[in-house]
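Report on the structure given below.
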There are 2 protein chains.
Amino acid sequence: MRLRNIKEAETKIYESPYIIEDYKNYKGKFNELFNNNNPIHLEIGMGKGNFIINNAINNPGINYIGVEKYASVMIRALEKLEDKKIDNLKLICFDASTIEEVFDKEIETLYLNFSDPWPKTRHEKRRLTSDTFLKKYTSIFKNKNHIIMKTDNRKLFEYSVISFNAEKYNIVDLSLNLYEDNPLNNIPTEYEIKFSSKGFPIYKIEVTK
Amino acid sequence: MRLRNIKEAETKIYESPYIIEDYKNYKGKFNELFNNNNPIHLEIGMGKGNFIINNAINNPGINYIGVEKYASVMIRALEKLEDKKIDNLKLICFDASTIEEVFDKEIETLYLNFSDPWPKTRHEKRRLTSDTFLKKYTSIFKNKNHIIMKTDNRKLFEYSVISFNAEKYNIVDLSLNLYEDNPLNNIPTEYEIKFSSKGFPIYKIEVTK
């Protein structure tokens, strides 16, 4: 799937069986897409897809939905899926700032991997762990809120720990150097592979509410 | 003040005007020792004293009490004080596991610097940020609980963040690499000077409740 330009990506991605174009019709009933009632795990900002694709392959009893804002990035994930048949994986191309309009009481776990740190204070509300977003997420979860976040960005991580704490989340697990802890079953993102191999610490937090 | 043995330290320290030997008589009225009602800041595990001595010198409007378990370590702090007259500093040699029996509603801020990490799970209750200790501290604070912690020990820090969160503390500030943040007015401990100069990250957290 070679691309000449971004505009082409925006139409091209809808040729893939993994992409849900009419996702707005599935609010509260995404399980219908999978024909089962298995738990649904969501990744916002799935990028080139390594994390969510490998999770889906390794965990057939869980349904995975990946969200990516940019079609030009999503198409890189679709390239990896071209010769694969993975029934428990669906992908959506949209901006997560409207996440609460798309899902309703149906997500078990939310993954935030190497999200844009938006370092400027005036962009704080755009960070995926700002109080604005944490409030939006509340209505998407089926049972209790459950978020797992990884990042190499120290400032974003410090901000996120403070934000989760302020929004009364319980910190279930925390690592300030994931690779020193030799985590079993850790599935890295493309970005994570690059940065951890350079020796930068990868931060991880798991919270519930 | 040269020492031949630890036993000698245990008697020697009481020759210093900084040491409060009859500290059990001051529960709830430590302000009497300072002849004023300035806020009292407490450091548990003051070690060789660099942090608390320099805080006292820099902040004459705050009273400082340093606690150290080992007389053999306390004596190193006393050596630094031999030619100094610092009215807002008092030191006590005792084991902080009975902290709630010594202070009562009179501490403004508690400092925990480079505390023993007690890495074994069976020693968890001995960590100064365990739920056991966090519960003990509650009765020593005058107004709201206010704790500032620094450490280079990653596992102790991860544990402490989880513990503060579980005990419903608000995380006011957090740094996962204090020296990269170039903090103004940071007063290091002896241990901190050594480890930060080797490039190891120093972790800091400030919490209230």
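The values are calculated or read from the model by the stated rules, or taken from the named source; none is laboratory data. The model shown is predicted, which means the values in this text are computed figures rather than measured ones. Please note: Cβ atoms are built from the backbone with ideal geometry, for glycine as well, and neighbour counts cover all protein chains shown. All accessible areas refer to the heavy atoms of the entire protein, side chains included, with ligands and DNA or RNA removed. Shrake-Rupley method; radii C 1.70, N 1.55, O 1.52, S 1.80 Å.
Over chain A, what is the mean sequence separation of C-alpha contacts under 8 Å (at least six apart), divided by residue count, expressed as relative contact order in percent?
RCO, chain A: 20 percent.
Separation of the stretch A:1-77 and the stretch B:49-121 by C-alpha centroid, Å?
The stretch A:1-77 and the stretch B:49-121 have Cα centres spaced 57 Å from each other.
Tell me the net charge near A:Tyr203. Cut-off is 13 Å between Cβ atoms, A:Tyr203 excluded, with +1 for each Lys or Arg and -1 for each Asp or Glu.
-3
So how strong a dipole does the stretch A:55-159 carry about its Cα centre when Lys and Arg Cβ are +1 and Asp and Glu Cβ are -1, to the nearest 20 debye?
Result for the stretch A:55-159 is approximately 360 debye, rounded to the nearest 20.
Is the shape of the stretch B:40-80 best called rounded, prolate or oblate, per the rule: a/c under 1.5 gives rounded, else a/b larger than b/c gives prolate, else oblate, with a ≥ b ≥ c the square roots of the Cα gyration tensor eigenvalues?
It comes out oblate by the Cα gyration axes.
Lys and Arg at +1, Asp and Glu at -1: add these up for the other residues within a Cβ distance under 14 Å of B:Ile147 and post the number.
Charge balance near B:Ile147 sits at +3.
So for the pair A:Ser97, B:Asn37, with labels modelled 7 Å out along Cα→Cβ, what separation do we get in nm?
Label-label distance for A:Ser97 and B:Asn37, simple model: 5.2 nm.
Which Cα, out of A:Phe114, A:Leu42, A:Tyr23, lies furthest along the positive dipole direction of the stretch A:1-135 (beta carbon charges, K/R +1, D/E -1)?
A:Phe114
Taking the Cα centre of chain B as origin and charging only Cβ (+1 Lys, Arg; -1 Asp, Glu), how large is the dipole, in debye to the nearest 20?
That gives chain B a dipole magnitude of about 480 debye.
Provide the buried accessible surface between chains B and A in square angstrom, both chains summed, 1.4 Å probe, rounded to the nearest 100.
1600
Is the protein assembly as shown best put as rounded, prolate or oblate by its Cα gyration tensor, with a ≥ b ≥ c the root eigenvalues, rounded for a/c under 1.5, and otherwise prolate when a/b is larger than b/c, oblate when not?
Because a/c hits 1.5 or more and a/b exceeds b/c, the protein assembly as shown counts as prolate.
Taking 7 Å along the Cα-to-C-beta vector as the label spot, tell me the B:Lys105-B:Lys198 distance in nanometres, rounded to one decimal.
Once both label points are built, they end up 4.5 nm from each other.
For every other residue with a beta carbon closer than 12 angstrom to the beta carbon of B:Lys120, add +1 if it is Lys or Arg and -1 if Asp or Glu, then tell me the sum.
Within the 12 Å Cβ shell, the charges total +3.
Using only the heavy atoms of the protein chains and a 1.4 Å probe, how would A:Ile147, B:Ile187 rank by accessible area, largest first?
B:Ile187, A:Ile147
Tell me whether the stretch A:62-202 comes out rounded, prolate or oblate; compute the Cα gyration tensor, take square roots of the eigenvalues as a ≥ b ≥ c, and use a/c under 1.5 as the rounded threshold.
Because its axes are fairly even, with a/c under 1.5, the stretch A:62-202 counts as rounded.
Using alpha-carbon pairs under 8 Å, 6+ residues apart, how would you state the relative contact order of the stretch A:142-209 in percent?
Here the relative contact order equals 58 percent.
Can you give the % of DSSP beta bridges in chain A that are antiparallel, to the nearest 5?
Antiparallel: roughly 35 percent of the beta bridges in chain A.
Please list B:Lys80, B:Lys90 in order of solvent-accessible area, largest first, computed with a 1.4 Å probe with all protein chains present.
B:Lys80, B:Lys90
Go ahead and set up a Gaussian network model of chain B, Cα springs under 10 Å, then flag whichever of B:Gly45, B:Gly61, B:Gly199 fluctuates most.
B:Gly199
Could you tell me which residue out of B:Leu89, B:Pro188, B:Tyr203 lies farthest along the dipole of chain B toward its positive end? Charges go on the beta carbon: Lys and Arg +1, Asp and Glu -1, centred on the Cα centre.
Of the candidates, B:Tyr203 comes out farthest on the positive side.
Ordering A:Glu190, A:Glu68 from largest to smallest accessible area (1.4 angstrom probe), what's the sequence?
From most exposed to least exposed: A:Glu190, A:Glu68.
Which whole-angstrom value gives the distance between the alpha carbon centres of the stretch A:135-175 and the stretch B:180-200?
The stretch A:135-175 and the stretch B:180-200 have Cα centres separated by 29 Å.
Along the charge dipole of chain A, which of A:His123, A:Ile171, A:Tyr70 sits closest to the positive end, that is, farthest toward it, with unit charges on the beta carbon of Lys, Arg, Asp and Glu (+1, +1, -1, -1)?
Comparing the listed Cα positions along the dipole, A:His123 ranks first.
With the crude spin-label approximation of a point 7 Å out along Cα→Cβ, what separation in nm comes out for A:Asn182 versus B:Arg126?
Using points 7 Å along Cα→Cβ, the separation is 2.6 nm.
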